[in-house]
1. Report, by residue number, each residue of segment A:386-395 that is without any contact (Cβ under 8 Å) to a residue 60 or more places away in the chain and either at positive phi or exposed (fewer than 13 other Cβ atoms within 10 Å of the Cβ) (or both).
2. Confirm whether residue A:130 is over 29 Å from the mean Cα position of the chain (by Cα), among the basic types (Lys, Arg) and farther than 27 Å from residue A:356 by Cβ.
3. Does any residue of segment A:183-198 turn out to be among the hydrophobic types (A, V, I, L, M, F, W, C), in a helix (DSSP H, G or I), within 14 Å of another protein chain (Cβ to nearest Cβ) and more than 14 Å from the chain's Cα centre (by Cα)?
4. Which of the residues that make up segment A:33-50 are within 11 Å of chain B (Cβ to nearest Cβ) and crowded, with 19+ Cβ neighbours inside 10 Å?
5. Out of A:430, A:409, report the one residue that is polar (S, T, N, Q), over 22 Å from the mean Cα position of the chain (by Cα), assigned by TED's automatic domain parsing to the domain that holds residue A:269 and not in a loop (DSSP other than H, G, I, E, B).
6. Could you list, in sequence order, the residues of segment A:285-302 that are in contact with a Leu (Cβ under 7 Å, 6 or more places away or on another chain) and surrounded by 20 or more Cβ atoms within 10 Å (Cβ to Cβ)?
7. Can you say whether residue B:366 is under 26 Å from the mean Cα position of the chain (by Cα), farther than 26 Å from residue C:54 by Cβ, in contact (Cβ under 8 Å) with a residue 40 or more places away in the chain and not assigned by TED's automatic domain parsing to the domain that holds residue B:301, as far as the supplied structure shows?
8. Looking at segment C:44-55, can you tell me whether even one residue there is on the phi > 0 side of the Ramachandran plot and within 14 Å of chain B (Cβ to nearest Cβ)?
Amino acid sequence: MVVKIEVNNKVIKARRGETIMSALESVGIKIPSICAMKDFTPTGACRMCVVEIEGRQGLVPSCSQPVNEWMKIKTHSPRVIKARKTIVELLLSNHPDDCLYCERNVNCELQTLAEELNVRERRIMGKKNKYKLDHSSPSIVRDPSKCILCGRCVRVCDERLSVFAIDFVNRGNRTIIGTACNKDLNFSSCINCGQCIMVCPTGALVEKDSIAEVEDALHNKEKTVVIQYAPSVSVTLAETFGVKPGRDISGLINAALRKIGFDKIFDTSFAADLVVMEMSHELMTRKKQKGKLPLISSCCPAWVKYAEQSYPELLPALSTCKSPQQMLGAILKTWYPQVSGTDPGNIFSVAVAPCTAKKFEAQREEMTKKGLSDIDAVITTRELAKLIKLYGIDMNQIEAEEADEPYGTRSSSGKIFGSAGGMTEAVMRTLPYIAGGREPDRIKYPELRGIKGKKEASLKTGKTTYRFAVISGLENAAPLLEAIRAGNCEYDFVEIMACAGGCINGGGQPVGAEENAVRARMKALYGIDESEIIRLAHKNPVINELYRDFLGEPLGEKSISVLHTNYSERKVML
Amino acid sequence: MSVKTHVPIDKDFLISNVLLNQSSELPAEVQKAMKFVRREKVKYPVVFIGTGSCGLISGAGDTLDEAKKYLSDRNIRAEIVETGCTGFCSMEPLVEVQLPGRARVAFKHVTAEKLPFILDGMFNSMLPGDHALGQYKNPSSEKWKDIPFIEELPFFSLQHRNLMKNWGRINPASIEEYIASGGYRPYIKTIRNYTHEEVCDIVEKSGLQGRGGGGFLTGKKWKVAHAVIADQRYLLCNADESDPGGFANRAMIESDPHRLLEGVIIAAYAIGTSKAYIYIRNDYKTAIRRLEEAIDQARQYGLLGHNVYDSGFNIDVILRKGPGAFVCGEETAMISSIEGKRGMPRPKPPYPAVYGLFGKPTVVNNVETLSNIPAIFENGPDWFNAIGNASARGTKILVLSGKIVNHGIIEVPLGTKVKDLIFVTGQGVPENKRFKAVQIGGPSGGFLTLENIDVSYDFDSLSSEGVYMGSGGMVVLDQDSCIIDTVKYFMDFIQRESCGKCIPCREGTRRMLEVYENITKRPVDENRHNTLERFKGVMQLENLAGVIKDTSLCGLGQKAPNPVLSSLRYFRGDYEEHIFDRKCDAGVCKELRLFYIDVDKCTGCTVCAPKCPASAIIGTKRHPFFIVEEKCTGCGICYEVCKFNAISVK
Amino acid sequence: MDKRTSAILAKYPRGHRDCLIPILQDIQEQYGFLSETSVTEVGLYLNLPSSKIYGLATFYNQFRFEARGQFHVRFCHGTSCHVSGAFDIIRELEKKLHIKPGQTTRDGMFSLELVACMGACHLAPLIQVNEVYHTKLTSNDIKEIIDSYIQGEE
C-alpha cells in the first residue's frame, strides 16, 4: 500500500507502515541519528532524528513514527535544526573535548554531527562526568567519559552475540555502560569479539593498541620481526584508504610491510591449510572411533571463550586444533628457527587479525610454552592501516610484491577461512583425500556461502556420510548448542563464528561497514578461490614438506604438542 | 483489627442481602442493619483513631496504644476503630468519639498524653470543647451544643467529597463497612447488566478524564484497548505517585482501599481482561498492607476469582511493588518495570492500548481515575457529568501544603477557583506573611501569582496560564520562599529522576540545574570566566527549556522545563535580583547572603575573625570589626558565633 | 545456595523475568542488600544474564549493594520539606555521618536514604530513623539526634 505524504511542501510517496525516516531516505533526505541501527527496533533514545509534523505539539522522532496519509512533515525547519544542534551541544557539554587525541578523530559520528550542524562555539557548559579508563581487557579499552549512551554496543552484544556482557548501569546523568556488578571488562562475560567497537559512534570503545610494541620490536636490532596476516585482512584493508569494499590487495600489503621493515612476511592462510589437515584427521578419527561428535571448530577465539564460560560441558567436543594464527605462531617459534638458524627467543612474531579476540587468544596461557609465546603481538586491520600511515607509505604508488617463503605459500582453501563457512568448505574438499586417499568430486559448496546465520551441507565419502553445519553470529548458536548438550544433534562437524559472516565482518575490521560491504568482501574471497591453481589444502606443497621434515603426520606426537591445545571451564559472572 | 458489630451481620448476610440484592431500595431491616455497620448508630461508645501514614508520623500509634490501655485500665466497654485519613493533616493525630445517641465529635492534636483528658471528658459527657475540631451531622442522633459542624468548617466548606466520602469515617480494613456504605454493589450491577462496550460508553458519557494529568477521556481509552483483537489484555493501575509534595493516591489507598479495588475490577471488566496489576510504590508500606487485606477480603467474598457470581467474569488483581523510580509513572516505563526491566520509556506508537504489557493491549489508569468508577455506576453518568464546570467534569483531589494554615488533602469540584482553595480552604498564609505564589503540579507544574490566582482549577484553564495540573499538589510559597530556589529544587529532583535514555532530558535537565546553582552561589573569587559562564547559562536557559520540551521522549522530560518557563514568565524580577544584584531577598539562597557588623554592638572581642573560613573579617581588638564584602561567602559562621548579636544579614 | 535464598526463589516460577523485581525485593528484605552471589543465583534461576539484573537494580532507588546500617536514616526531600529548609538538614546529616545517600558508615552504624516524599508535609522537615520519626527539625537538632543513637549504643 502506498500513501502520500508531504515533505517540505513536496508530495512524496511512501509505503504504509514504514517509518518517516525510511520514507525520507528513499527520496534522498538524510536525517541524522545516533541510536538508530539497521534491522533493530528503534529505541527513540537520541532524539536527533526529530522532525516537525503539522498538528503535533512536540517534535517527533522519525525513526519510530510511521507515516500516515497526508502527514505534513518539515525535516529541516529552523525549529528542527535548533533542536538537533542543541542536542549535539548538550552531548559536547559532557564530552572530554579531546578530539585531537582521540582514536576516532576524523572518523567520529559525534564530530561529524557537530560539523554538519555547524557547532562552532561552546554555548552550553557545565560539569563533566569523569570516569576511569577500563584497560583491563586484552582486547578492548573502554572510556566511559566519551560514551554518549546511544546503547548500540549493548544491543549488539545482546541481540547479535547473545553474550549480554554489558548493560546500562545507574540512572539519569550518572548512567554508564557497565558489566555485571560494574566489574572491569576482563572479569566479565565479554568474549572480546569487538562488535561493540564496530557500532560505537565515538571513541568510547576502541581496541587495545599494540602498535607501540610492534614499533619497539622493529627498532630492536636483535629481533627478527616476522609478520603474518589473516585471510580476510587483504580484502578489507583497502577500505581504510578510501577504496570501495571488495578489493584484494595482498600484494600491496606485502610490499607495504616490507617497506615498514618487517623481516619476513607470511600468510596466515598457509596455517589455515594446516588446520584443514589436522581438523580433517580429527573429524575422521572421531567418526571412525565413535568419539565425541559433532566436532566443533575452535578457530574463533571469541566462540572458544564463550564455550568455556557458557557451555563447559561441550568443551570435549571442541577441536583441539589451535587457530591458524596460533599454529603459524607455533611453527615460527619451533621449526622455523631451526630452518633459518635464528634464536627463537629473538623472533618477534606479529599477527594482523580482523579481530580483537585474537589479541586475547595470543595471551592465553596455553599459547606459551617454555616462556615462548606463539605470537608476541596482534594488531587489527585498523591498526595495520595506522601503521602504514605512520610509516608514510603511499598505497597508491607502491607495486605489489610476493610474500616470503616458505609460509607465504597457501592454497585458496586457506584463503576462504575469512568467510564463515569457508573453513567447512575447505575441510570438505580435503576430507575425501584424508579418509580414502581420493580427490574430491566437488569443490564448490554454494550452500555454505553467504551471511545466513545457519548453513548446512553434507558429504559422502566411501560409505560414510558426514554432515556439516555452519553458524555465524553467536545469536544463532543457542538452538544448536542446546541440541548438542541434549545429545540430539545430527551433525558431525559444526563451524561456529562469533561474528555474522565470519572474520570478514570481525571486530578488528574498518568501522562503519554495512551489510553490502560484508557481501563484497565475501565475494572477493571466493573470487580469489575461483582464480587460483592450488585450491586444496592437501595440495599445498609447503604443508607436505612441513609434515615430511618436522611434524610427521597429522595428529602425530609432534603435531599434537605444537599445533594442538586444550580448554578449561572459565568462571565469570554470566 | 476485626470489626465488632453488634448485629449478627456476617459474610453470607452481606452477600445475599446487599450485594446480590440489586433492587434500588434495600429492605428496611437491611438498611437498619447497615446503619450499625456504618456506625451511624452505635450501642457502645466508639473511639476512632486515624492511623494513616500522616497520622502515624504525627504520633497516632502512641495515641492508639494509650486508648487501648485507657479502656482496659478502666474496664470501659467501648470499641476502638482505626480509620484512614480525614485529609486534615495539620490536625493530626485526630481522634473521634461517638457516644450512643450522640453525634460523632472530632478532636485535634490528640497525642497520647492528651488522650486520657479527652476521654475522661467524653465518658462523663463533658465535652472538652477547646480541643474539639467539630461534630458530624447525623439526623439520628443528638448534636452537641456549641460545637461547629465539621462540614461547615472553612476547610470543608468548599469540598465535595465523592472519592473521600469514606475517609476517616469507615475502617479501611473492613470490607463489611465498605459494602455497608454502598460498595461493590455497582460492580455486581455492572457485570450483571452491561456488556463491555456499554461500560465503556457509560464512562465516556460521564466525561471522566484521566487524572494522571493527560486529561484523556477514560471511556475512550478503554474502548481502544477493547477493540484490539487479542488473547489477553491487561489493566494497570498506576499507584507509584511519589511526586515530591504529592501523596493523595497513597492516602486514598490507606483510607478507602476497596474503592480503588472496585474501580480496578470494573475497568478490567470494561476492557475485557482477567488480569489487572496495581503498581504501587514500595515505600508505601501502610497502603500496601491495606491493599493486600482488601484483595484478600474481596477474594473471600467471591468478588475476585473465577466466574464471579456466575457472571462468567474471571478477575485476578496482582500487586507489584515499584522499587522507586519516578519515571515509572510514565506508562511505557511502568510496563517495562513490570516486565522486569529498567523502567525506561519507549517511543509511542505503538501505544500501550495496542502493544503494551508483554506485547498485549494494555490500559494504564491512575488511582484517582479508577476510584471514580464505582460512584459513576452507583449514581449514573449524568450525576457525574453534572459536577464540575464546562471544561472538566467531576471532582479532583488536591494536596495543600507549604506556607499555608490548613495543610491537608481536599476534594473539590473541578473548576473551583484556586484563590478560594488557598484563602478559604487553606485559610491563607500563616503568621500574617505575604502570599507570593502557589506551585501547582509538582515538578512538571508551574506557578500562579496573586495576579492570576483567580483562575479555575481545571485542565484547560490552568494550562492557559502555563501550568500543568499534574498530580494535584499545591505548595504555597510566602515572602520567605525563594522562587529561584524552588525551581532549583525541582530541577534537582528531575535530573536525579531522569531515566537517562534520551539526551535532552538526561543532559539538559542537569545543565538547567547548573544554571540555577550558578546564580544562587557566590564563588569566593569570582573571576571573569565564572561571570561569563553564569550569564551564558542564563541566556541559554530559555532555549534549552524549549528544546527539552520539544524533543524529550516521555512526559517527564517534556514537562521538566515547566517550572523554569513558568517562573521566567512571572518572576523575571527574582531572576534579575539573583543574577545582577547577586542577592536573594527571601534570604533562602544562603550563599548569596551578605553579612555586616553593627558598629554599635561589636565589642571587638575577636571571636568571629579567626572562625571565618574566607578570612573576610578584619579589625583591631576592642574596636568594631568589619566584613570585606568581596570575600564573604555568606556561610554564616560569624553570625552563629557572635555573642553580642552584632552581626546580621543585609 | 543459602537456604533463605532458595526459600525465596521457590515462591516464584523459574525463568519468568517479570518476577525479577519481586525476587530482588524479597532478597533485599531478607539480607538488607543485594550481594554479588544473590545476583548470580537469581540470574541462574530466572535464566537472566547478571548484567541485566545489575543494570535493573541500579536503576531503582530501592536496591542497595551495601548492607544497611544499624540505624537506617530515611530523609524526606519533598517540596514542602524543601521549602521548610530540608537542604540544611541533609547537609548537616552528610557532614555528621560522612556518608552520602545510599551509603553506610564504616562502622556499619548508620545508613542514609533519600525519600521523595513521606507525605507528612505539616511536620516538615522530617527524618525517620528505623521506625521513629523526628519532625519539624532544624539543622541544630541533627547532631543531638545522631548523638543520642550513638550514646544509646554505648
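1. Across segment A:386-395, the qualifying residues are A:392, A:394.
2. Working: over 29 Å from the mean Cα position of the chain (by Cα): yes; among the basic types (Lys, Arg): yes; farther than 27 Å from residue A:356 by Cβ: no.
Answer is no for this residue.
3. Yes: segment A:183-198 contains one or more residues that are among the hydrophobic types (A, V, I, L, M, F, W, C), in a helix (DSSP H, G or I), within 14 Å of another protein chain (Cβ to nearest Cβ) and more than 14 Å from the chain's Cα centre (by Cα).
4. A:34, A:35, A:42, A:43, A:44, A:45, A:46, A:47, A:48, A:49, A:50
5. A:430
6. Correct list: A:295, A:296, A:298.
7. no
8. Yes; the residues of segment C:44-55 include at least one that is on the phi > 0 side of the Ramachandran plot and within 14 Å of chain B (Cβ to nearest Cβ).
The values are calculated or read from the model by the stated rules, or taken from the named source; none is laboratory data. Not measured: the values here are computed from a predicted model. FYI the Cβ positions are ideal-geometry reconstructions off the backbone, even for glycines, and counts take in every protein chain you see.
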